[in-house]
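Please read the structure below before turning to the comments.
The values are calculated or read from the model by the stated rules, or taken from the named source; none is laboratory data. Given the structure is predicted, the values throughout are model-derived calculations rather than measurements. Positions of Cβ are generated from backbone atoms using ideal geometry, with glycine treated the same way; all protein chains shown enter the neighbour counts.
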Amino acid sequence: MRTTKFARVIVAAVVMVVIVGAAIAWALRGGTDGPEPATARNAPAPAPSTAGPTPPPGADITGPLDLLLIGVDTRVSIPDWPPHADAIMLLHIDEDLRGGYLYSLPRDLRVDVPAFARNGFPGGNHKITEAMTYGAKAPGKPTADVAQGYDLLTQTISAYAGIDADAGAVLTFGGLSRLTDALGGVTLTIDQRVVSQHRRPDGSARAPLPGGGGYVGPQATYLPGTRRLVGWQAIDYARQRYTAGGDYTRQRHQRQLVEALLTRAADDGLATDRVKFDSVIAALGDTLVFSGKRTAIEYAYALRHLTPSSLTLVGLPGRSVYFDGAYIGEELDATGRGFLRAVAVGEPGAYLSRHPELVNN
């Protein structure tokens, strides 16, 4: 469901792994769904309360928690383009709510997508990115229903991995780019040469090949090293999969971007600067959809101790799948599937101690 403006403030703490960690500070300082009400200058002071202190909303939330974080490609330049879940990240938070594990599922992972009664989708074996697409189809409505697509995607992940998301958020790539710019850009350590399929060096879009199947024109290129990127550069770099390592490299770059954005928000003092804070939230606009078993502000309070340094980035290995010589998607290998089983039973740390190669250092 769509959130109110203030709820978006808190949701930003959930989107992309609590990117806007300042939301937690706002929750701690106020914990309301809007600005404090105005009080008349000469109004009498309220009578002292004899009741004990009221616990902050979310104080009763316990771990472990699983959050689902989705980056959606809506192709706003193409009319009626259905939403695709191009970035699928999950955050498993420990029982004490002080540490977590961020990992990705390949967008082309072959899975069984359940039937979806709300729009008559019959189910079937598809790429996981298409679960969002099939679920978002809304007969009788002029546009796709992203929140409905999210629902089918969560059902698909639950059926595949045995993991039920407690809360989740969907953000378009355009919204994430504006969020990055509102934070003043982001510093990334680029780990390999990446050539863009989508952007020219000046940030403008490359022209599509006549008849489709690619693009033409100069390409933006990202060279190894520590670099400061503006919004379009950061998103462009993190969404490239036609590079060494393919989609698994792209997943790693997206997790790195999430961590860098969270670090940037913390370093920028967002928690104490209301002007900066409001500008960041305004950047999200209506690009955000949130769903959860509890309200966004409650999760914000529960996750107040989560920091960039307390997150472990995890890469799940896999391989391409072919049928009759044609590429049909990806599958995780036994080690990757083992990590999902460990998450489902609340033991990701123990599993990684046996498989340290999965940790992105």
Would you check if there is a residue in segment 309-328 being of a type outside the set (A, V, I, L, M), assigned to a helix (DSSP H, G or I) and closer than 26 Å to D267 by Cβ? yes
With respect to Q256, determine if the residue is part of a helix (DSSP H, G or I), out of contact with any helix residue (DSSP H, G or I) (no Cβ under 6 Å at 6 or more places or on another chain) and of a type outside the set (V, I, T). yes
In segment 121-137, anything assigned to a strand (DSSP E or B), of a type outside the set (D, E, K, R) and either in contact with a Gly (Cβ under 7 Å, 6 or more places away or on another chain) or on the phi < 0 side of the Ramachandran plot (or both) is listed as F121, N125, H126
Could you go through segment 83-95 and let me know if any residue there is in a loop (DSSP other than H, G, I, E, B), surrounded by fewer than 22 Cβ atoms within 10 Å (Cβ to Cβ) and out of contact with any Pro (no Cβ under 7 Å at 6 or more places or on another chain). no
Do any residues in segment 48-59 that are within 21 Å of A302 (Cβ to Cβ) have Cβ atoms under 9 Å from those of residues that are at pLDDT below 60 and surrounded by 10 or more Cβ atoms within 10 Å (Cβ to Cβ), where the two are at least six apart or on different chains, and which pairs are they? P56/A27; P56/L28; P56/G31; P57/A27; P57/G31; G58/A27; G58/G31
Across segment 163-208, what is the number of residues that are more than 18 Å from A87 (Cα to Cα), basic (K, R) and buried (at least 16 other Cβ atoms within 10 Å of the Cβ)? 2
Has segment 279-288 got at least one residue that is under 28 Å from R110 (Cβ atoms) and modelled with pLDDT under 95? no
Within segment 137-157, restricting to residues that are out of contact with any Pro (no Cβ under 9 Å at 6 or more places or on another chain) and within 17 Å of R341 (Cα to Cα), the one that is surrounded by the fewest Cβ atoms within 10 Å (Cβ to Cβ) is T154
Pairs under 7 Å by beta carbon, first residue of a type in the set (D, E) in segment 111-140, partner modelled with pLDDT under 95 and outside any loop (DSSP other than H, G, I, E, B), six or more apart or different chains? none
Subset of segment 138-189 [assigned to a helix (DSSP H, G or I) and under 25 Å from G203 (Cβ atoms)]: F173, G174, G175, L176, S177, R178, L179, T180, D181, A182
Does A147 count as under 17 Å from the mean Cα position of the chain (by Cα) and either among the β-branched types (V, I, T) or closer than 27 Å to V314 by Cβ (or both)? no
